Amino acid sequence: MHSQNEIERAGWRSVVAVALTAVVITFNHVFTLGSGALVLGAALLAVPPALWIWFRRTGNRWALAAYGIINAWIVVGFGVIKGLWGITLPIFAGTFLSSVSTAYPKPVFGAFGFEISGVAMFLGSLFILYYGLQLVPDRGRRVALSGVAAIGVMAILIAFAALDRDVWRPPTQGVVKIGVIVPTTGPYAMLGNSFVKAVQMARDDLRDKKYRYELVIRDSGPDPEKARQVIRRVVDDDQVDAIVGGISLIGQETKPYATAARIPHLCVCTVSWIGDGAYNFTNIPSPEAEGELWAREAQRRGIKRVALLTQDYPSINNHVTALKVEVARLGLTVADEQRFDGSVRDFRSRITRAAASRPDVYYVEALEPGLDLLGQQLGDARIHNVSAVVAPSLSDKPALFEGAWYTDSNLKDIGFKRRFEEKYPDTRFATHMMPYAYDSVNMIVRAFETGQNPAVYLRNLRRYDGTAGLLTKAPTSGNFASRPAVWTIASGKPALLNQ
């Protein structure tokens, strides 16, 4: 039997373990419950100590029983079910299994604070269990420990057996439905419509395939919040087997839906974290690759000073960040840097300030209509030493940027561009998107034609030689990398320079 002093020490250690674990539980549940987590935390911090004090002062067995029930609730509900099963096992066992077998998708994690506090919940529950068992008589404790050990071993074995393993069935009735989710209205209309045409061209070019491939084309619109309903309908109602998409703002909204449905999603997106390597993959030159090539080309041209005039927009900011790193590495100087909101229409004061810094080149990047307004006002100021990443190819009036040079997607098969323009003479060929949209469809088709889980095929795929040149993907990565190229605007049209 335990002495009263031993029970006292074990009891208060148990109370401290409960309190510390309650703090971790509160922090973890802020991510899911918001301010409601504070109510949960207050109850866990107040009720167990009150029950223990009640028991110690009165010897009331009901108080001790209630204290034990709360301990068991924390251990099982927060420690085992959520902390161990929901978070700790996916992090460690799931990551390990995905590294040795592509039959297991790489776990998709939430915020760092959520995941680490989940592990801490599990560890805290072990301390609660340990000190709680100190309050049990010796014989009962041995029985309890044996039961806990047996249950723990069984739970871990079952967990490993039940960990997220991909199961795939061939498409019903021999039809593969590919969702095409891009904005075809608003500021992305030119990109989105040409993207759709490239996808249709890829489907039309298919010959002698095992399955029949249907496109489910939906306009997501430019607003990410409104796009969610479109994406949900494509996944849940249309029940597509795969998704191709473009524009990072929409791709990041598509990602959780593709993951939940366990279908492959290939996105022509510059935001690398969209590609989780499990179900979501990106397929376009990275901002870092664009920045490296731009800086090397600038150095080759003898440029030493750069003025940056760019819109505050996620993908543009990514380009600028990567470019500044490469510019600094090669010893070039950013003479002036200005970032503007998408609503700006008068750039004259900004151009004057940039000119005062005496740059060798003006780096400009914006979305329409701001892009062409900026190009026009630069021309009015007799400034023609202009460069960019991608932007001139997206202009509605590319002649405004005559002579400008810029980095953009490579085009290994120039015949693809000619075929596209012959087939769709009224649609602009957007080099930044078209070859990757075309290749993405063909990669998905190849995945299904192999007869294996298409997501697993894409995880295993390391190289793909397509219209945009050689695509490569590192093991466990979700990003297909490719080399960009240097282009110029000549006679009012994009022209690929010799590399």
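Only the coordinates and a few stated rules stand behind these numbers; no lab work does. Note that the coordinates shown come from a computational prediction; the quantities given were computed from them, not determined experimentally. Cβ sites come from the backbone with ideal geometry, for glycine too, and all protein chains shown count toward neighbours.
Quick one: what are the phi-derived ³J(HN,Hα) couplings along the range 476-489, Karplus 6.51/-1.76/1.60 with θ = phi - 60°, whole Hz, x for glycine and proline?
Per residue, the Karplus-derived 3J(HN,Hα) values read 6, 7, x, 10, 7, 9, 8, 8, x, 9, 9, 10, 9, 9 Hz.
Where both residues lie in the chain, what percent of DSSP beta bridges are antiparallel, nearest 5?
25
Near the amide H of Gly466, under 5 Å away, which other amide H atoms are found, from residues 5 or more places off or on another chain, if H is placed in the peptide plane?
Amide H neighbours of Gly466, under 5 Å, 5+ apart: Leu471.
Which far-off residues, 5 or more places away or on another chain, put their amide H under 5 Å from the one on Phe340, with H placed in the peptide plane?
Result for Phe340 returns Thr310, Gln311, Asp312.
Got a sec? How would Ile351, Ile181 order by Cβ neighbour count within 10 Å, fewest to most?
Ile351, Ile181
How far is helix 434-449 tilted, in degrees, relative to the longest principal axis of the Cα atoms in the chain, given as a value from 0 to 90 rounded to the nearest 10?
50
Given H placed on each backbone N at 1.01 Å, which residues far from Thr282 in sequence or on other chains put an amide H within less than 5 Å of it?
Result for Thr282 returns Cys267, Gly275, Asn479, Phe480.
Report, to the nearest 10°, how far helix 189-204 tilts away from the longest principal axis of the Cα atoms in the chain, using its own Cα long axis and a range of 0 to 90°.
For helix 189-204, the angle is close to 90 degrees.
Grab the DSSP H runs of the chain that are 4 residues or longer, score each as -39,500 (n - 2.57), total them, divide by all residues and round the 222 nm result to the nearest 500 deg cm²/dmol.
So the helix-based figure for the chain works out to -16000 deg cm²/dmol.
Expressed in nm to one decimal, what extension gain is obtained for the pair Asn460 and Val16 from 0.36 nm per residue of sequence separation less their Cα-Cα distance? Display every interim value, and only then the final one.
Details: separation 444, 0.36 × 444 = 159.84 nm, distance 4.82 nm.
Stretched out fully, the Asn460 to Val16 stretch lengthens by 155.0 nm.
Could you tell me how many degrees, from 0 to 90 and to the nearest 10, lie between the Cα long axis of helix 314-329 and the main elongation axis, the longest principal axis, of the Cα atoms of the chain?
It works out to around 80 degrees.
Among Gly379, Pro369, Asn317, whose Cα sits farthest toward the positive end of the charge dipole of the range 287-406 (+1 at Cβ of Lys/Arg, -1 at Cβ of Asp/Glu, about the Cα centre)?
Going by the Cα projections, it comes out as Gly379.
For the range 314-406, which trypsin sites (Lys or Arg not before Pro) pass both filters: DSSP loop (anything but H, G, I, E, B) and at most 14 other C-beta atoms within 10 Å?
Answer by residue number: Arg345, Arg382.
In what order do Met434, Met443 fall by count of nearby beta-carbon atoms within 10 Å, going from fewest to most?
With the sparsest Cβ surroundings first, the list reads Met443, Met434.
For a quick check of your reading of the filter: which trypsin sites (Lys or Arg not before Pro) in the range 185-272 sit in a DSSP loop and have no more than 12 other Cβ atoms within 10 Å?
Arg207
Any chance you could check the Cα centroid distance between the range 409-469 and the range 216-264 for me, in angstrom?
Centre-to-centre (Cα) distance: 19 Å.
Please give me the summed charge of the neighbours of Ala381: other residues whose Cβ is under 12 Å from its Cβ, Lys and Arg +1, Asp and Glu -1.
Net charge in that neighbourhood comes out at +3.
Each residue of the range 70-79 in order: what ³J(HN,Hα) in whole Hz does its phi give by Karplus 6.51 cos²θ - 1.76 cosθ + 1.60, θ = phi - 60°, with x for Gly and Pro?
Each residue's phi maps through the Karplus curve to give 5, 4, 5, 4, 5, 5, 6, x, 8, x Hz.
Applying the Karplus parametrisation 6.51 cos²θ - 1.76 cosθ + 1.60 with θ = phi - 60° to the phi angles of the range 63-69, what ³J(HN,Hα) value in whole Hz is obtained for each residue in order, glycine and proline being reported as x?
Ordered by residue, 3J(HN,Hα) equals 5, 5, 4, 5, 4, x, 5 Hz.
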